[in-house]
Amino acid sequence: MGSKKTPSKSKHPIKEKTKKMTKTTKTEKQVQKKTKETKPAVAKAIQNNEVRIGTRGKVFQGIVIKKFPKRVVIEFERMIYIKKYERYTKTKTKIHARLPESMEKTVNIGDLIKVQECRPLSKIIHFLVTEKIKDASEVNK
């Protein structure tokens, strides 16, 4: 009446393929060992601050109001338009920024500095100090 289909050896041909394991050669094992050895070297580079942090996004200028060992707090004013009253208002914004070790001695409270956005470095630090624009004595004039 009808032709019967001959059953295959296994009902799940996919499972058969996954059961077959390939043997790793000596070169693959050597490559795996080398990758394991490089991980501590990367960790040492991060501890020595050799890894650079990439910047992106917005750039702000502000006056340093607080200084900590590895970060600074800057403050700057900006104008915000209020639609209801058709007027502008001044608001002060505070930003926490990472202070690189190379700039720690040059940046002091009252200096005008430039910061640029970067990846989140901690809960509050999302900016990086890029350059010092003016000294505190020049800013007050």
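The values are calculated or read from the model by the stated rules, or taken from the named source; none is laboratory data. Being a predicted model, the structure only gives us computed values, none of them experimental. Methodologically, a virtual Cβ is constructed for each residue, glycine included, from the backbone with ideal geometry; neighbour enumeration extends over all protein chains shown.
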task: Return yes or no: is residue 109 aliphatic (A, V, I, L, M), touching a strand residue (DSSP E or B) at 6+ places or on another chain (Cβ under 7 Å) and surrounded by 13 or more Cβ atoms within 10 Å (Cβ to Cβ)?
output: no
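So that you can scan it fast, the table gives a plain yes or no per residue for (1) over 13 Å from residue 63 (Cα atoms); (2) surrounded by fewer than 16 Cβ atoms within 10 Å (Cβ to Cβ); (3) modelled with pLDDT of 95 or more:
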{"site": "83", "(1), (2), (3)": "yes, yes, yes"}
{"site": "87", "(1), (2), (3)": "yes, yes, yes"}
{"site": "92", "(1), (2), (3)": "no, yes, yes"}
{"site": "100", "(1), (2), (3)": "yes, yes, no"}
{"site": "105", "(1), (2), (3)": "yes, yes, no"}
{"site": "120", "(1), (2), (3)": "yes, yes, no"}
statement: Going through the range 111-135 in order, the residues found to be over 13 Å from the mean Cα position of the chain (by Cα) and either within 11 Å of residue 72 (Cα to Cα) or among the charged types (D, E, K, R) (or both) are 111, 113, 114, 115, 129, 131, 132, 134, 135
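Taking residue 65, is it part of a strand (DSSP E or B), free of Cβ contacts under 8 Å to residues at least 40 places away in the same chain and in contact with a Gly (Cβ under 9 Å, 6 or more places away or on another chain)? Break it down stepwise before answering.
Details: part of a strand (DSSP E or B): yes; free of Cβ contacts under 8 Å to residues at least 40 places away in the same chain: no; in contact with a Gly (Cβ under 9 Å, 6 or more places away or on another chain): yes.
Judged against the criteria, residue 65 is not a match.
May I ask you to verify whether residue 115 is modelled with pLDDT of 90 or more and in contact with a Leu (Cβ under 7 Å, 6 or more places away or on another chain)?
Values: modelled with pLDDT of 90 or more: yes; in contact with a Leu (Cβ under 7 Å, 6 or more places away or on another chain): yes.
When the stated conditions are applied, residue 115 passes them.
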field: Residue count for the range 68-87, restricted to those that are touching a His at 6+ places or on another chain (Cβ under 8 Å) and either without any contact (Cβ under 8 Å) to a residue 40 or more places away in the chain or not hydrophobic (A, V, I, L, M, F, W, C) (or both)
entry: 2
message: For the range 102-121, which positions are without any contact (Cβ under 8 Å) to a residue 60 or more places away in the chain and assigned to a strand (DSSP E or B)?
response: 112, 113, 114, 115
query: Which of the residues spanning the range 68-101 are among the basic types (Lys, Arg) and assigned to a strand (DSSP E or B)?
result: 71, 78, 87, 90, 92, 94, 98
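With 87, 71, 78 as the choices, which residue is under 20 Å from the mean Cα position of the chain (by Cα) and farther than 13 Å from residue 131 by Cβ? Let's see the steps before the verdict.
Numbers: 87 fails: under 20 Å from the mean Cα position of the chain (by Cα); 78 fails: under 20 Å from the mean Cα position of the chain (by Cα).
After ruling out the rest, the residue left standing is 71.
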task: Find the residue count for the range 122-141, including only residues that are surrounded by fewer than 16 Cβ atoms within 10 Å (Cβ to Cβ) and either touching a Gly at 6+ places or on another chain (Cβ under 8 Å) or not in a strand (DSSP E or B) (or both).
output: 10
